[in-house]
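The values are calculated or read from the model by the stated rules, or taken from the named source; none is laboratory data. Quantities reported herein were computed from a predicted structural model and do not represent experimental measurements. Cβ sites come from the backbone with ideal geometry, for glycine too, and all protein chains shown count toward neighbours. These area figures cover heavy atoms from the full protein model, side chains too; ligands, DNA and RNA do not enter into them. Shrake-Rupley method; radii C 1.70, N 1.55, O 1.52, S 1.80 Å.
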Amino acid sequence: MAPTILIVDDERNIRRTFGMVLRAEGFVVREAESGEEALGVAAREECDLVILDVRLPGIDGLETLRRLRAAAPERPVVMISGHGTIATAVEATREGAVDFLE
């Protein structure tokens, strides 16, 4: 079975673009548009990697990261942001993100 990647972003076009590229590479892709939805998907399905936006409606990406890591510390999470700062990147890596992409 191909690895599953969960893409979490409130912008539909971002999710679709990432999804198209990753599916073309043979990955199974799941999508969520909020932190709450991502936590539900991650609780129901095995996800090998999470790509997580910092800015989300409801609980933000950093809080979602904390909750994902508490539930499954071995699951890698890559944070993404179009509005990233060094402080946010440092906080994300301290909270367990394996990378931060701006």
Length gain on complete extension for the stretch V28 to R16, per 0.36 nm per residue less the alpha carbon to alpha carbon distance?
-> 3.0 nm
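Sum up the charges of everything whose Cβ sits under 13 Å from the Cβ of N13, counting Lys and Arg as +1 and Asp and Glu as -1, but leave N13 out. Each step should come with its number before you reach the end.
Working: positive: R12, R15, R16; negative: D9, D10, E11, E31, E33, D53.
My count for the surroundings of N13 gives -3.
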What number comes out for the charge environment of R67, summing +1 per Lys or Arg and -1 per Asp or Glu over other residues with Cβ under 13 Å away?
-> -2
Using a Gaussian network model of the chain whose springs link C-alpha atoms within less than 10 Å, name the residue from V78, V28, V50 with the highest mean-square fluctuation.
-> V28
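Hey, can you find the accessible area per residue of segment 1-101 for me, probe 1.4 Å, expressed in square angstrom? Walk me through the intermediate numbers first.
Values: 5540 Å² over 101 residues.
Heavy-atom accessible area per residue stands at 55 Å².
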Treating the angle as unsigned and between 0 and 90°, give the value, to the nearest 10°, between the Cα long axis of helix 61-71 and the longest Cα principal axis of the chain.
-> 70
Which value at 222 nm does the chain reach when only helices count, each DSSP H run of 4 or more adding -39,500 (n - 2.57), with the total divided by all residues and rounded to the nearest 500 deg cm²/dmol?
-> -12500 deg cm²/dmol
How much of the accessible area of the chain, probe 1.4 Å, is carbon plus sulfur, in whole percent?
-> 52
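Subtract the Cα-Cα distance of V90 and E102 from 0.36 nm times their separation in residues, and report this length gain in nm to one decimal.
On the way: separation 12, 0.36 × 12 = 4.32 nm, distance 1.27 nm.
3.1 nm is the gain from fully extending V90 to E102.
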Please determine, in degrees from 0 to 90 and to the nearest 10, the orientation of helix 35-44 with respect to the longest principal axis defined by the Cα atoms of the chain, where the helix direction is its Cα long axis.
-> 50
